[in-house]
Amino acid sequence: MGKTSPFGDLAARFVCFAGCDAEKDRSYPLTQAIYRCPSCGGLLAVRHDMNALSQTSAADWKKLFDERFRTGTYPLASGVWGKKEWVVPELDENDIVSTMEGATPLVRADRFAREHDFHELYVKQCGTSHSGSFKDLGMTVLVSVVNWALRIKSLNVKAIACASTGDTSAALAAYGAMEGLPVVVLLPR
């Protein structure tokens, strides 16, 4: 059961991406450290309760998101967390670790648009984020969910880790440091 809000009873869970028969009716909480489907070994996907989300009209979602974007209070002014109900609806705002990522500029590309017969074209400039990486958009979610899991499950986690030589490690180091979580980066040989 998800968090009750003015927008309904919203929830998101892990499910088998392949939809294997053994896992058809099973799901796992986002706070569970699970990486693969226990039955087929396939990848997991985050599935939202679309019925609950559809109880709010598109116009009401747009109004809410527009009100939050860059002008709301921390952390909901973030380009990611301004859409919290569509990202991790059950997450308490106090668990969110954010640098206001996702509110990076759109840069007009008029000449390129003309050359390719587009009416208008904008390029999203994600390199102006905290770590200089577009990976901040996902890392805010990962570290915030780890933060949530640590709080609600009282887990004894020594560190959060990734294997990366670039953007992922920079983003994980930045977000882990913000929350005081030890980070381990594994580099390939």
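The values are calculated or read from the model by the stated rules, or taken from the named source; none is laboratory data. Note that the structure is a prediction, hence the values are computed from the model and not measured. Please note: Cβ atoms are built from the backbone with ideal geometry, for glycine as well, and neighbour counts cover all protein chains shown. The accessibility values were calculated without ligands, DNA or RNA, using every heavy atom of the protein model including side chains. Shrake-Rupley method; radii C 1.70, N 1.55, O 1.52, S 1.80 Å.
Report, in whole Å, the centroid distance computed from the Cα atoms of region 129-185 and region 7-72.
Between the Cα centre of region 129-185 and that of region 7-72, the gap is 20 Å.
Taking the chain on its own, what percent of its Cα-Cα pair distances exceed 29 Å?
Result for the distance tail: 32 percent.
What is the total of Lys pairs in region 1-147 with C-alpha atoms under 23 Å apart, excluding same-chain pairs fewer than 8 positions apart?
Within region 1-147, the lysine pair count is 15.
Of the beta bridges DSSP finds with both residues in the chain, what % are antiparallel, to the nearest 5?
Beta bridges within the chain, antiparallel portion: roughly 75 percent.
Using only the alpha carbons of region 1-84, what is the convex hull's orientation-averaged projected area in square nanometres?
It is 6.5 nm².
Accessible area per residue for the chain in Å², computed with a 1.4 Å probe and the full protein assembly in place, what is it?
60 Å²
In nm, to one decimal, how far is the V157 label point from the A177 one, both placed 7 Å along Cα→Cβ?
Placing both labels 7 Å along Cα→Cβ, they lie 1.9 nm apart.
Please report, for the Cα atoms of region 89-167, the Rg to one decimal and the Dmax as a whole number; what are they, in angstrom?
Cα radius of gyration and Dmax of region 89-167 are 17.8, 56 Å respectively.
Any chance you could look up the accessible area of F118 with a 1.4 Å probe, heavy atoms only, rounded to 10 Å²?
Using a 1.4 Å probe on the heavy atoms, I get roughly 100 Å².
What figure in square angstrom, to the nearest 10, would you give for the accessible area of D92 with a 1.4 Å probe?
Roll a 1.4 Å probe over it and D92 shows about 50 Å².
May I ask you to derive the relative contact order of the chain, considering only C-alpha pairs under 8 Å and at least 6 residues apart, and to give it as an integer percent? Display every interim value, and only then the final one.
Values: 282 pairs, mean separation 28.7, N = 189.
Value for the chain: 15 percent.
Just to make sure I understand: if all protein chains stay in place, what is the order of F112, F69 by accessible area at 1.4 Å, largest first? Show your work: numbers first, answer last.
Numbers: F112 100, F69 75 Å².
Largest to smallest exposure gives the sequence F112, F69.
Considering region 34-127, what Rg and Dmax in Å follow from its alpha-carbon atoms?
Rg then Dmax for region 34-127, in Å: 17.7, 51.
Checking understanding here: applying a Kyte-Doolittle mean of at least 0.5 and a length along the axis of at least 24 Å (C-alpha), which whole DSSP H helices in the chain pass?
136-153
Pop a pseudo-label 7 angstrom from the Cα along the beta-carbon direction at both E115 and D21 and give the gap in nm to one decimal.
It works out to 5.4 nm between the two label points.
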